[in-house]
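*Asks:* One structure follows; several queries about it will come next.
Nothing in this text is a laboratory measurement; each read-out follows from the coordinates by a stated rule. Model, not experiment: these values are computed from the prediction. Here the Cβ is made from the backbone with ideal geometry for all residues, glycine too, and neighbour counts use every protein chain on show.
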Amino acid sequence: MAVTADDPSTFATEVMASEIPVIVDFWAPWCGPCRMVAPELDKIASEKVGSVKLVKVDVDKNPEIARQYQVFSIPSIGLFVDGKLAGMTVGAKPARAIEESLKLSDHLKSAIN
């Protein structure tokens, strides 16, 4: 379900050029909390198929993108709308808390209008 963007070119295509909002999961395979939050992000993406996209960025494979968005702790979850970072939250949280932190419903409503 999630798209992997482990290089700047894929990130540009999948996130920056996306016509719908994108949730970006900045993570690493060795990060326990990252593995805990992954099913929560999958839940959000599956509930909002067609209105939001989930992209995973392994910070070890794509450190340039992590630095560009000042990702210093993982998991960090960003919301990109029209190629711009619209919100960021850090830490493993349940799906609803992630949605609230990112103000996802507000961004989805404005993306429709």
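*Asks:* Kindly provide the chymotrypsin sites (Phe, Trp or Tyr not before Pro) of region 46-113 that DSSP labels as loop, not H, G, I, E or B, and whose Cβ sees at most 13 other Cβ atoms within 10 Å. Intermediate values should be presented prior to the final figure.
*Replies:* On the way: sites: Y69, F72, F80; in loops: Y69, F72.
Passing both the DSSP loop test and the Cβ count: F72.
*Asks:* Now a separate question. Given springs between every Cα pair under 10 Å in a Gaussian network model of the chain, which of V49, V57, V71 has the largest fluctuation?
*Replies:* Maximum fluctuation in the GNM of the chain, among the listed residues, is at V49.
*Asks:* Per DSSP helix of 4 or more residues, -39500 (n - 2.57); summed, then divided by the residues of the chain. What does that give at 222 nm, rounded to the nearest 500? Walk me through the numbers on the way to the answer.
*Replies:* Details: 5 runs with 43 residues, N = 113.
For the chain, the value works out to -10500 deg cm²/dmol.
*Asks:* Using a Gaussian network model of the chain with C-alpha springs under 10 Å, which one of R35, R67, R96 is most mobile by mean-square fluctuation?
*Replies:* Comparing R35, R67, R96 in the GNM, the peak value goes to R67.
*Asks:* Based on Cα positions only, what radius of gyration and what Dmax would you give for the chain, in angstroms?
*Replies:* For the chain, the Cα radius of gyration and maximum Cα-Cα distance read 12.6, 40 Å.
*Asks:* Once you have the Cα-Cα distance between T4 and R96, take 0.36 nm times their residue separation minus that, and quote the gain in nm to one decimal.
*Replies:* Working: separation 92, 0.36 × 92 = 33.12 nm, distance 2.30 nm.
Taking 0.36 nm per residue and subtracting the Cα distance, the gain is 30.8 nm.
*Asks:* Taking a virtual spin label 7 Å from the Cα of D82 along the C-beta vector, which residues in region 1-27 bring their backbone nitrogen under 20 Å of it?
*Replies:* 12-24
*Asks:* With the contact rule set at Cα under 8 Å and sequence spacing of 6 or more, what percent relative contact order holds for the chain? Could the numbers behind the result be given before it?
*Replies:* Numbers: 195 pairs, mean separation 38.1, N = 113.
For the chain, the relative contact order is 34 percent.
*Asks:* Hey, for a label at S73 modelled as a point 7 Å past Cα toward Cβ, could you say which residues of region 20-43 have their backbone N under 19 Å away?
*Replies:* 24-38, 41
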